[in-house]
1. Which of the residues spanning region 75-106 are outside any strand (DSSP E or B) and within 20 Å of Val41 (Cβ to Cβ)?
2. Just to be sure before I move on: is Ala7 in a helix (DSSP H, G or I), of a type in the set (A, V, I, L, M) and surrounded by fewer than 19 Cβ atoms within 10 Å (Cβ to Cβ) in the structure I sent?
3. Count, please, the residues in region 10-60 that happen to be surrounded by fewer than 19 Cβ atoms within 10 Å (Cβ to Cβ), in contact with a Phe, Trp or Tyr (Cβ under 7 Å, 6 or more places away or on another chain) and in contact (Cβ under 8 Å) with a residue 40 or more places away in the chain.
4. From the list Ala74, Ala60, exactly one residue is more than 22 Å from Leu120 (Cβ to Cβ) and touching a Gly at 6+ places or on another chain (Cβ under 6 Å). Which is it?
5. Taking Phe109, is it touching a residue at least 12 places away in the same chain (Cβ under 8 Å) and assigned to a strand (DSSP E or B)?
6. All but one of (1) of a type in the set (Val, Ile, Thr); (2) assigned to a helix (DSSP H, G or I); (3) closer than 21 Å to Glu127 by Cα; (4) in contact with a Gly (Cβ under 7 Å, 6 or more places away or on another chain) hold for Val16, so report the exception by its number.
7. For Ala72, which of the numbered conditions (1) without any contact (Cβ under 8 Å) to a residue 12 or more places away in the chain; (2) part of a loop (DSSP other than H, G, I, E, B); (3) more than 23 Å from Ala113 (Cβ to Cβ) fails to hold?
Amino acid sequence: MIEPSIALYGEAFAKVTASLDELLTKAHVRYAMLVDRKGFVLAHREALWAPKPPTLDSIATLIAGNAAATSALAKLLGERRFNELVHQGERIGLYVEEISNEGLLVVIFDETAPIGRVKLFAKKSIEEISGLIDSLGSVETTNADLGNDFALDASALLDDLFKGM
């Protein structure tokens, strides 16, 4: 089963959403999301004035694929990485930047939000969220830290639970 690479809950989730809310307000953007590299939406916020959001799961999956392709392109060109992506259409723009090794900040904006303003406030959010993500570690690391004793105890509990079946 594929799981998100970052587990956000409680105070960590509240801090991330507060940072995304601040980004929405100050940069005057429509949507802001934290996405992991597997394409899971970890947190998202939308401006009250924004139209109904598009399918965020589909956007997150495509963003993660695009980030992987861009990373491969960077390596082919001799760069370690390209850490930001910008797509601008006639009315809508998309700004994506890496957060730590695990996440991507996705910002969807319209023609009323200049790209310079979007980048400025996105970088502030990235600084806030990056430290938080680094302190959490990945889900795989967290599960590995549970240790062998946990696995043995869990196995014994399951054996007791299903003994009569």
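A short reminder: the numbers here are calculations on the coordinates, not readings from a lab. As the structure is a computational prediction, the values presented were derived from the model and not from experiment. Ideal geometry is used to build each Cβ from the backbone, glycine not excepted, and the neighbour counts take in all protein chains shown.
1. Once the filter is applied, which keeps residues that are outside any strand (DSSP E or B) and within 20 Å of Val41 (Cβ to Cβ), region 75-106 yields Ser100, Asn101, Glu102.
2. No, not satisfied.
3. 1
4. Unique residue meeting the criteria: Ala60.
5. Here the answer is yes, as Phe109 does meet what is asked.
6. (4)
7. Only one criterion is unmet by Ala72, namely (2).
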